[in-house]
There are 2 protein chains.
Amino acid sequence: MWDVFETVARGPAEGNPYLDVQLEATFSLGNRLVRVWGFYDGNGKYVVRFCPDVEGEWKFELHSNAVELDGLVGGFVAVPPRAGVHGPVRARNQFHFAYADETPFLPFGTTCYAWTHQTAELQEKTLQTLSSSPFNKIRMGIFPKDYIYNTNEPLHHVFERTVDGTHDMDRPNFECFRHFERQVGRLSELGIEADVILFHPYDRWGYCTMTEEQDLRYLRYVVARLSSYRNVWWSLANEYDFLLDQKPMGLWDRFFQLIEEGDPLRHLKSIHNGAADKNYDHRKPWVTHVCIQNWDVRKTEQWRDAYGKPVVNDEPEYEGDIPKLWGNIDAKSLVDRYWCTLSRGGYIGHGESYLNAEDELWWSKGGVLKGEAPARIAFARQIFLEDVKNGFEPLTGLSESFHVRISGVQDADVRIIYFSEHQPREFAEGLPEEDGDWEIDLIDVWNMTVTSLPRADLPRVHPQRVSGGAKVSNQANAAFGLKLPGKPYQAVRVRARKDRRRS
Amino acid sequence: MWDVFETVARGPAEGNPYLDVQLEATFSLGNRLVRVWGFYDGNGKYVVRFCPDVEGEWKFELHSNAVELDGLVGGFVAVPPRAGVHGPVRARNQFHFAYADETPFLPFGTTCYAWTHQTAELQEKTLQTLSSSPFNKIRMGIFPKDYIYNTNEPLHHVFERTVDGTHDMDRPNFECFRHFERQVGRLSELGIEADVILFHPYDRWGYCTMTEEQDLRYLRYVVARLSSYRNVWWSLANEYDFLLDQKPMGLWDRFFQLIEEGDPLRHLKSIHNGAADKNYDHRKPWVTHVCIQNWDVRKTEQWRDAYGKPVVNDEPEYEGDIPKLWGNIDAKSLVDRYWCTLSRGGYIGHGESYLNAEDELWWSKGGVLKGEAPARIAFARQIFLEDVKNGFEPLTGLSESFHVRISGVQDADVRIIYFSEHQPREFAEGLPEEDGDWEIDLIDVWNMTVTSLPRADLPRVHPQRVSGGAKVSNQANAAFGLKLPGKPYQAVRVRARKDRRRS
């Protein structure tokens, strides 16, 4: 269960099977029937992949316009998943994620747009770095990148290079796809989701100017090859809005629909914007979650409200020092943006772009991490992972300014309030109203310390009037207050003692 | 010139002259005629004040329904202004301010809402603090404040207290007004503008629930007493929107109009909002500048664009540590908000609210400053004052993201770019296109250092394509680049060498 079953058959090698040969398979278990697409892998080799989502004796049959393939049958037994295999990640509880086996998944992603197109050595280094990083998702493009700091040719071209140096978008370079999916598989073994980017505008090879027919065929091919990998997420584009001159909005919708057709696991699907005012309409039914690029993380709740789906801010600017403004914020600001987002019920991604002579910036090529943020991101992940049950939701019933200035979330009996640049010495708003048996901790999000906090009296505030009206107590509706250290970038965690927590 | 001329006459003391006696005066110089309102100051004493705005031999005549006052005449000679006296501040060049004599004025205000209602000792301490502070404007209410940390009775009630303990809003406490204007005068001698708040909602005495007739009479009285002080600004309210249940929008408009009628110097006029989405419509013709309360300072240019007038963000939250979120940001964030605002062509105000056992918070009572921001505000003021000519205007022709993420302004041959949390090691955008004789400095806004920077090569950036299009150089349109230290909260100043600057 949740691993890739693959069956290989020999078929026609003449002509252009990529264009000419249709191949599908139906997998069945009892009265359940699942259709998948097969694909051509070169040299007369045809492949069908399938990812079983339940245990049992599966059978399959191939359907093709090639007589050698049509009608082939077979079967296999799906046994319980290996230890540590939880299935694909799905949206859960409207704003959150979990693996198929209901294990909560908190996306703590990073970005290496073109890492699979670098030298083999650099790719090994990237996997090495990832294996000890906090990141459990990575944004990565199928196509190589032509952009500042990205001028090298890819390890493998995605389509065949013709004698005149152009690329034949009707002839895939099978080795390129095999390599890509090998790396997806290795990520899977590291417990990392591959947020696979299908299109992007930064191109000199012609990949972003294929015809509509070529786009759709490519997409079908990718889905046939990759959709059985449990750790795949579909990101239809990086900065789709910069490609609207090539691919109008209706075509993006059609891409989504095509994926739905050929992806029985129903992997997560979204699409990433460039300009801040050009979010795709994530309310459309084929979008599973909101993927967004926006530095202004205090809008996280607005995006939740606007789209009603999990929000992943995949590009809140990167830690780095390049001239580009999206790639040069300091680590403290990035860590602050993490906590601002997490404490508003959203998720947020990482990127790093420090100048270096070799142009090996993590953000696009991978390699090694140099920044100060990843250790703090690991700390944040551990804090939220430790207590997540249904997903951390914004605290309700608080003052209008609460979620604008500071912010807080709750999951079952655990609440986390983040103060960002605010540094009250006394505080009570958002703390529990019930006088329960609470464990209270102060969290220093930069220094990565967790310190037990005693309860304190409610802050001394005077009654007040507004507009000459009756006195109001102006007191937070809490059972107790806290004394805080009067410094910024602190969080408070309040949770029921372990043996008493609601599940 | 620009000082207060005052003439006193005896008149009726019986009945309630505040209600019954009308007094105006016409001041004339050559064929110019200026009408002002006189006022009753108790004990049969009537006063007319006038602030001459040109030199020369002024004559005046009183007009009254009281025969003792009607027809009195007099005159005085207005001599050139004393050294350091520049006249009232006015809007200039659409988005900026200058004194009447054209000396640029950069508002660096602070807030002590009720300082004139504290003990005499505390008021002396406040003036002492102000005399060595960077602040050249202070927000201060005529009425005392009933609010958290503000429970004391005022030094003087504004209207007479009756035997039953209520206040007679038809009988001013003359001593209170004399005291208030004495303090306005002392501020004037310190070079500090008094941003006089006429109404506010935090009240237990009945000041905010007077009748419309009482409001208008009070306003007329205040204008008669104060409008000859050159350093007065009219702030119609603190948080007017919390008073809309008492005073509908049309009444606020009428207040503005009444002031225009009785204020020959045409002092600056604005009105301060509470909720972030309740700005008064500052486009109305009687508003001279935008007074705003908003923490989100990167919207400064939006406010400039929306209202087309100088923007003063008088309450971008305060440095402090009280439980209230508007009063507990850290000094570094406040200083960052200063630079974010100033480098977007706006102005910004200060407040401080550190907890203390005596409830003496600077924000409302004055006293002493404890924070770390004021020294940095003094530094910022000095930087901008040093080079201001016409007013610093946002740099134009830059990338869309420029003013969203970082920001820069220019005044004649001087430009200042502020990087906030951005920390590029190389930079060129916004730098001069001409290869002139520039003086370049790195400004550390927190550590208050100014270091000379050499020119550097333009940042090495590769050509890039978008959407498969032609190569673009993706290079800032600058004559040179800069190497920066790769840390946040830095600014760069580029200016023509002194002897070559345009004026």
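The values are calculated or read from the model by the stated rules, or taken from the named source; none is laboratory data. Worth saying up front: this structure is predicted, and the values here are computed from it rather than measured. In this analysis, Cβ positions are derived from the backbone assuming ideal geometry, glycine residues included, and neighbour counts consider all displayed protein chains. Heads up: the accessible areas ignore ligands, DNA and RNA and are worked out on the full protein's heavy atoms, side chains in. Shrake-Rupley method; radii C 1.70, N 1.55, O 1.52, S 1.80 Å.
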Residues (buried (at least 22 other Cβ atoms within 10 Å of the Cβ) and within 14 Å of another protein chain (Cβ to nearest Cβ)) located in region B:208-224: B:C208, B:D215
When region B:344-385 is examined, which residues are found to be hydroxyl-bearing (S, T, Y) and within 14 Å of another protein chain (Cβ to nearest Cβ)? B:S353, B:Y354, B:S364
Breaking point among (1) assigned to a loop (DSSP other than H, G, I, E, B); (2) open to solvent by 10 Å² or more (accessible area, probe 1.4 Å), for A:G391: (2)
Just need a number here: residues in region B:324-349 that are out of contact with any Ser or Thr (no Cβ under 6 Å at 6 or more places or on another chain) and among the small types (G, A, S). 4
Those residues of region A:474-494 which are small (G, A, S) and more than 10 Å from chain B (Cβ to nearest Cβ), in sequence order: A:A478, A:A479, A:A491
Which residues, taken from region B:30-46, are assigned to a strand (DSSP E or B) and buried (at least 17 other Cβ atoms within 10 Å of the Cβ)? B:V34, B:V36, B:W37, B:G38, B:F39, B:Y40, B:Y46
Being open to solvent by 30 Å² or more (accessible area, probe 1.4 Å), closer than 22 Å to B:W295 by Cβ and modelled with pLDDT of 95 or more is the filter here, so list the residues in region A:427-466 that pass it. A:W446
Which members of region B:247-285 meet the condition of being of a type in the set (S, T, N, Q), closer than 18 Å to B:P201 by Cα and free of Cβ contacts under 8 Å to residues at least 40 places away in the same chain? B:N273, B:N279
Residue check, A:M1 against (1) part of a strand (DSSP E or B); (2) buried (at least 17 other Cβ atoms within 10 Å of the Cβ), all met but one. Which one? (1)
Could you please tell me which pairs satisfy a Cβ distance under 8 Å, a separation of 6+ or placement on different chains, a first residue in region B:216-229 that is under 15 Å from B:W252 (Cα atoms), and a second residue that is in a helix (DSSP H, G or I) and open to solvent by less than 10 Å² (accessible area, probe 1.4 Å)? B:L216/B:F255; B:L219/B:F255; B:L219/B:I259; B:R220/B:G262
Which condition number does A:L398 fail, the rest of (1) away from chain B (no Cβ under 14 Å); (2) over 24 Å from the mean Cα position of the chain (by Cα) being met? (1)
Looking at this structure, is B:E153 of a type in the set (D, E), open to solvent by 20 Å² or more (accessible area, probe 1.4 Å), over 22 Å from B:K45 (Cα atoms) and not in a strand (DSSP E or B)? yes
Could you list, in sequence order, the residues of region A:124-159 that are under 16 Å from A:Y218 (Cβ atoms) and aromatic (F, W, Y)? A:F143, A:F159
In region A:182-207, which residues are within 13 Å of A:I142 (Cα to Cα) and either surrounded by fewer than 19 Cβ atoms within 10 Å (Cβ to Cβ) or in contact with a helix residue (DSSP H, G or I) (Cβ under 6 Å, 6 or more places away or on another chain) (or both)? A:R182, A:Q183, A:A194, A:P201
Among the residues in region B:297-312, are any closer than 16 Å to A:G486 by Cβ, open to solvent by 30 Å² or more (accessible area, probe 1.4 Å) and within 11 Å of another protein chain (Cβ to nearest Cβ)? no
Odd one out for B:F242 among (1) of a type outside the set (G, A, S); (2) at pLDDT below 95; (3) out of contact with any strand residue (DSSP E or B) (no Cβ under 8 Å at 6 or more places or on another chain); (4) assigned to a loop (DSSP other than H, G, I, E, B): (4)
Among strands (runs of 3 or more DSSP E) entirely within region B:406-448, at least 2 residues that are within 14 Å of chain A (Cβ to nearest Cβ) occur in B:407-411, B:414-418
I'd like to know if region A:109-124 contains one or more residues that are at pLDDT below 95, within 14 Å of chain B (Cβ to nearest Cβ) and open to solvent by less than 10 Å² (accessible area, probe 1.4 Å). no
For B:P201, are the conditions met, namely being within 23 Å of B:Q246 (Cα to Cα) and touching a Gly at 6+ places or on another chain (Cβ under 9 Å)? yes
Could you tell me which numbered condition B:S133 fails, if it satisfies all but one of (1) at pLDDT below 95; (2) within 28 Å of B:Q382 (Cα to Cα)? (1)
Got a number for residues in region B:225-269 being open to solvent by less than 10 Å² (accessible area, probe 1.4 Å), more than 18 Å from B:V4 (Cα to Cα) and of a type in the set (G, A, S)? 2
So the helices (runs of 4 or more DSSP H) completely within region B:315-388 holding 3 or more residues that are closer than 17 Å to B:V409 by Cα and touching a Pro at 6+ places or on another chain (Cβ under 7 Å) are none
Mind checking whether some residue in region A:162-174 is in a helix (DSSP H, G or I) and touching a residue at least 12 places away in the same chain (Cβ under 8 Å)? yes
Run down B:V158, B:V89, B:V73 and say which single residue is surrounded by fewer than 19 Cβ atoms within 10 Å (Cβ to Cβ) and among the hydrophobic types (A, V, I, L, M, F, W, C). B:V73
Look at A:N279 and say whether it is of a type outside the set (K, R), more than 14 Å from chain B (Cβ to nearest Cβ) and within 25 Å of B:G469 (Cα to Cα). yes
I need a count of the residues in region A:93-134 that are basic (K, R) and within 14 Å of the chain's Cα centre (by Cα). 0
Going through B:L251, B:L243, B:L236 one at a time, which residue ends up being more than 25 Å from A:P424 (Cα to Cα) and more than 14 Å from chain A (Cβ to nearest Cβ)? B:L236
Anything in region A:320-376 that is β-branched (V, I, T) and over 30 Å from A:V404 (Cβ atoms)? List them, or say none. A:I322, A:V368
So for region A:21-29 (the condition being in a strand (DSSP E or B), modelled with pLDDT of 95 or more, among the aliphatic types (A, V, I, L, M) and closer than 21 Å to A:E213 by Cβ), does at least one residue qualify? yes
